[in-house]
Amino acid sequence: SGAVLREAFSRSAARSSAPAQLAVSSRGETIVDLAHGIETDRPVQVFSVSKSLVAVAAAIAHDRGELDLDAPLADSWPAFDRAATRAITAMHVLDHSSGISAVAAPLGVEQLISGELDAAVERQDPLWEPGSAHAYGAFTFGALMSGVFRHGLGVSVQDYVQRELVGPSGAFFSFGADAALQERLAPLIFRPPVLTEAQAQELMTGTALQDGSMLPIMMDSPGFFTNPQVLACDWPAMSGITTARDLVAVFETALGYGRERALLSPAALARLTTERHRGPDRGIPFISRYGAGVELPHELSPLLGPGSFGHQGAGGSVIAVDPETETVFAYASTLMDSTVGISDQALVLLGAAAAGAGR
């Protein structure tokens, strides 16, 4: 399957000029570790792939009895101890059903950099009864999970991820980039945004959720994501910087592939990957499917097939894990394509990896 993946990656590189990395392992053994246009160890912004590490960290903390993901946030977070938000749990945040997928108040770049989203999610009333619907919280997920760890565990979620997940793997993963890391970052390539049919329909009918935290990104995505101050921010939802090789190592360690023991117990893995919501997403106008903070395979994002899980990122990057075949797949892309999310290149490569694993 290594030869097939190498050929598939070569064909993908020939069609797209965008630098990218691909790493795939099976049962702890490297199948491929490839790169096109950049080195295999060049740091890449993987955006919302970051959410998968936060989700795994939350699963570990719950399994150890450090956090109760099913308890109301109000138990430890005073700002949520009011009628509108008292029912919200960390699990609602993880599966995007909290009702706080968006904030009403428009936030500018300087406000986001200064951390005002943390206060905005505390003020926001749920847009629906928590647990009754779901909408992808592209930005708010991070601010909410940051509060969950800060108030419930007394530690930042970024520090917990580094200490309990990244550290044991020996891999590189950073939330945000200091000046030295910014100099090493693979530069992004931007294409003008193009609306899908469903997105255009939502805009015409006025049913699209308006998220004040996403306004600067919608107004000027290239300016936002190349702003040195933005790059320095450690937002848990979208600031992840790593390589495909390092992503594989993190998840091998979490699942115990090729290792003496896993960080995630079988019960914790089952809890992480059990379907909690599937259907029309009120944030993005198509079907989405979530476990406890990870995406599960569906028609538009099959990942590695039934039973697999993972997460995509705005630049086309993706992490995918198949516990049945113990396959870990990571694709890191520098192309901010016209349609946000998992890239066409990654979809082709996922198919080749799944076929190679016997799916």
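The values are calculated or read from the model by the stated rules, or taken from the named source; none is laboratory data. No experiment lies behind these values; they were computed from the predicted model shown. Cβ placement follows ideal geometry from the backbone for every residue including glycine, while neighbour counts extend to all protein chains displayed. Remember, those area values only see protein heavy atoms, side chains included, never the ligands or the DNA or RNA. Shrake-Rupley method; radii C 1.70, N 1.55, O 1.52, S 1.80 Å.
Annotations
- Per the listing A346, A267, A354, the residue uniquely in a helix (DSSP H, G or I), over 18 Å from the mean Cα position of the chain (by Cα) and without any contact (Cβ under 8 Å) to a residue 60 or more places away in the chain is A354.
- Selection count where residues are in contact (Cβ under 8 Å) with a residue 24 or more places away in the chain and open to solvent by 20 Å² or more (accessible area, probe 1.4 Å), scope segment 60-70: 4
- Residues that are open to solvent by 40 Å² or more (accessible area, probe 1.4 Å), in a helix (DSSP H, G or I) and in contact with a Phe, Trp or Tyr (Cβ under 8 Å, 6 or more places away or on another chain) within segment 215-243 comprise just one, P222.
- Residue in segment 278-290 that is nearest to E66 (Cα to Cα), counting only those that are open to solvent by 30 Å² or more (accessible area, probe 1.4 Å) and either at pLDDT 95 or above or not in a loop (DSSP other than H, G, I, E, B) (or both): R289
- Test result for P43, in contact with a strand residue (DSSP E or B) (Cβ under 8 Å, 6 or more places away or on another chain) and touching a residue at least 12 places away in the same chain (Cβ under 8 Å): yes
- Some residue of segment 173-181 being part of a helix (DSSP H, G or I) and either touching a helix residue (DSSP H, G or I) at 6+ places or on another chain (Cβ under 6 Å) or open to solvent by less than 60 Å² (accessible area, probe 1.4 Å) (or both): yes
- Some residue of segment 35-48 being acidic (D, E), surrounded by 15 or more Cβ atoms within 10 Å (Cβ to Cβ) and under 24 Å from A353 (Cβ atoms): no
- Filter result for the condition that a residue is of a type in the set (G, A, S) and open to solvent by less than 50 Å² (accessible area, probe 1.4 Å), over A83, A104, A119: A119
- Members of segment 301-316 that are within 16 Å of the chain's Cα centre (by Cα) and either under 14 Å from A55 (Cβ atoms) or small (G, A, S) (or both): S301, S308, F309, G310, H311, Q312, G313, A314, G315, G316
- Applying the criterion of being of a type in the set (G, A, S) and open to solvent by 30 Å² or more (accessible area, probe 1.4 Å) to the residues of segment 291-343, the residue that is nearest to A270 (Cα to Cα) is G307.
- Pick from segment 342-359, criterion touching a helix residue (DSSP H, G or I) at 6+ places or on another chain (Cβ under 8 Å) and farther than 11 Å from L303 by Cβ, ranking: modelled with the lowest pLDDT: G356
- All positions within segment 188-204 that are open to solvent by less than 80 Å² (accessible area, probe 1.4 Å) and assigned to a helix (DSSP H, G or I): A198, Q199, A200, E202
- Beta carbons closer than 7 Å, at least 6 apart along the sequence or on distinct chains, pair a first residue in segment 146-171 that is surrounded by fewer than 22 Cβ atoms within 10 Å (Cβ to Cβ) and at pLDDT 95 or above with a second that is among the basic types (K, R) and assigned to a helix (DSSP H, G or I) for S156/R150.
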